[in-house]
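The structure under discussion appears below in the form of structure tokens.
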Amino acid sequence: MFHATLWMIGALTSFCLMAIGARELNGEIGVFQILFFRSIVGLLVLLPILSLSSFASNASSKKGRFSFPKRIKLHVVRNLFHFAGQYGWFLGIGLLPLATVFAIEFTVPFWTIIISYLFLKESITVKKVIAVFLGILGVIVIVQPSLDVAHYASLIVLGAAICYAFSHVATKSLSNTESPITIIFMMCLIQAPLGLLLFIEGWTAPVGIQWLWLVVIGITALSAHYCMTKAMQHAEVTFVVTMDMFRLPLISIIGVLLYSESFSAALIIGMLLIVTGNSLNIYSRKKDKGSIAR
């Protein structure tokens, strides 16, 4: 459990640093350009790892090594949704308080339940229905439907969460035939030209510390998911996902200290509803021998 805690601290730190990097670059570097550099940095980090793994001779590690992707079409579909989710998330970081973005992002498991039921025919229980209801109610409390700019920004992040859910369902299907390193590599390989294509006419030459933040975003995007995967190797998924919820209070503190963001009662109540729904979903899955993966 100690090692799992250390890995989760690494994941929490990575997610928060990525959000800070996105906020620091807001208004200076376009979102599509950020996503392009995110993928390029990911490829630069992964290529040496793939080269080294090709020399590995341990048969027991074969499953975790890179192999030529078997389902290209599903990789493309997954990354279109993931790219759209990333775009909405980064855009939301620049428009909303960090805590609000993270709270809405935590509805991903609820949308995943619905999408898995519709497309993968997974069972849906009373507890899952209650969890989805609490999550949606939490979003309504946080967003407080209106016609102002904050409302539209919240809808963008909510759309990003739904795109992430589609991406997760595709990842679950891909994991039956592809190794994790293959899925991550294909993510960077497919999304890099997407970002390039969409920002090429609006190129902004990064200067000074902007380069640092671009590298930070690229590295933490990989390290966050790597740390969570390693944590799951040392502890039950329920422990990992429960610790992941600490991102909400942690990013709230960062928002208050670094960006003087307010902490409203509606945000706190909405967070509690979403966390309660997530907890109910997590422990009902544990009882059913299921798992949740971000």
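Taking the criterion of being more than 17 Å from the chain's Cα centre (by Cα) and either open to solvent by less than 10 Å² (accessible area, probe 1.4 Å) or farther than 14 Å from V215 by Cα (or both), the residues of the stretch 14-28 that qualify are L25, N26, G27, E28.
Per-residue answers, yes or no, for (1) hydroxyl-bearing (S, T, Y); (2) surrounded by fewer than 23 Cβ atoms within 10 Å (Cβ to Cβ); (3) modelled with pLDDT of 90 or more; (4) touching a His at 6+ places or on another chain (Cβ under 7 Å):
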| site | (1), (2), (3), (4) |
| --- | --- |
| V101 | no, no, yes, no |
| L137 | no, yes, yes, no |
| A150 | no, yes, no, no |
| I162 | no, yes, yes, no |
| S167 | yes, no, yes, yes |
| L189 | no, yes, yes, no |
| L197 | no, yes, yes, no |
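The selection criterion, being open to solvent by 50 Å² or more (accessible area, probe 1.4 Å), closer than 23 Å to K172 by Cα and either modelled with pLDDT under 90 or not hydroxyl-bearing (S, T, Y) (or both), does not hold for F55. The numbered conditions (1) out of contact with any Gly (no Cβ under 9 Å at 6 or more places or on another chain); (2) aliphatic (A, V, I, L, M); (3) at pLDDT 95 or above; (4) open to solvent by 30 Å² or more (accessible area, probe 1.4 Å) are all true for I40 except (1). The single residue among P97, P69, P48 that is touching an Asp or Glu at 6+ places or on another chain (Cβ under 8 Å) and either surrounded by fewer than 20 Cβ atoms within 10 Å (Cβ to Cβ) or modelled with pLDDT under 90 (or both) turns out to be P69. Restricting A231, A205 to residues that are free of Cβ contacts under 8 Å to residues at least 24 places away in the same chain and either touching a Phe, Trp or Tyr at 6+ places or on another chain (Cβ under 8 Å) or not in a helix (DSSP H, G or I) (or both) narrows the list to A205.
Cβ-Cβ distances below 9 Å connect no pair with a first residue in the stretch 120-135 that is over 27 Å from L174 (Cβ atoms), a second residue that is in a loop (DSSP other than H, G, I, E, B), and a separation of six or more residues or different chains. Within the set E122, E105, the sole residue that is among the acidic types (D, E) and buried (at least 19 other Cβ atoms within 10 Å of the Cβ) turns out to be E105. Within the stretch 221-237, being of a type in the set (V, I, T) and either more than 21 Å from L44 (Cβ to Cβ) or open to solvent by less than 10 Å² (accessible area, probe 1.4 Å) (or both) holds for one residue alone: V237. Residue check: F263 meets all listed conditions (1) surrounded by fewer than 16 Cβ atoms within 10 Å (Cβ to Cβ); (2) outside any loop (DSSP other than H, G, I, E, B) but one, namely (2).
The values are calculated or read from the model by the stated rules, or taken from the named source; none is laboratory data. Fair warning: this is a prediction, and the values are worked out from it, not measured in the lab. Virtual Cβ from ideal backbone geometry, glycine too; neighbours counted across all protein chains shown. Each accessible area value is taken on the protein alone, full model and side chains, heavy atoms only, with ligands, DNA and RNA left out. Shrake-Rupley method; radii C 1.70, N 1.55, O 1.52, S 1.80 Å.
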